[in-house]
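The block underneath contains the structure these notes are about, expressed in structure tokens.
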Amino acid sequence: MSPDAILKLALLLGAFVTCAGCYGVLYALGRLRRSQATVITAFAAYVLQWVITGLLCADTELAFGWKVVLTASCFVYFGIPPVTWRHLEHIHQKLEHQS
């Protein structure tokens with residue numbers, strides 16, 4: 001891989017991870033503040049993650065296996081914030097009933 005290809009790959013992978021983090025943080029903030037606009041912004045970050053996944057799969061020299069891992073990861077990331085939020089609500093309700 002050429003230095004330019006490595007730099008492009010590193011930047012895209014960094015953006016991939018950043019979008020995942022933004023999605024999770026914005027989703028949590030939106031739910032905590034009951035802000036539909038923030039939750040929608042979270043989903044926009046997730047959509048951007050898909051765009052970056054498409055670029056990583058179509059326009060880099062990654063091996064096929066890594067492209068499959070990135071695509072599967074992007075699918076899985078969609079469910080992590082909502083599932084985590086529901087789990088935290090369940091724990092909170094359980095603790096309220098105990099006290």
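Can we say W66 is assigned to a helix (DSSP H, G or I), at negative phi and touching a residue at least 24 places away in the same chain (Cβ under 8 Å)? Steps first, answer last, please.
On the way: assigned to a helix (DSSP H, G or I): yes; at negative phi: yes; touching a residue at least 24 places away in the same chain (Cβ under 8 Å): no.
It is false that W66 is assigned to a helix (DSSP H, G or I), at negative phi and touching a residue at least 24 places away in the same chain (Cβ under 8 Å).
Scan region 24-39 residue by residue and report those that are exposed (fewer than 12 other Cβ atoms within 10 Å of the Cβ) and either part of a helix (DSSP H, G or I) or in contact with a helix residue (DSSP H, G or I) (Cβ under 6 Å, 6 or more places away or on another chain) (or both).
Filtering region 24-39 down to residues exposed (fewer than 12 other Cβ atoms within 10 Å of the Cβ) leaves 32-34, 36-37.
Within region 24-39, L32, R33, Q36, A37 qualify.
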Inside region 40-63, can you point out the residues that are buried (at least 18 other Cβ atoms within 10 Å of the Cβ), of a type in the set (A, V, I, L, M) and either on the phi > 0 side of the Ramachandran plot or part of a helix (DSSP H, G or I) (or both)? A42, A45, I52, L56
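Since every read-out is calculated from the coordinates, none of them should be taken as a lab result. All figures in this text were calculated on a predicted structure; none of them were measured in a lab. Please note: Cβ atoms are built from the backbone with ideal geometry, for glycine as well, and neighbour counts cover all protein chains shown.
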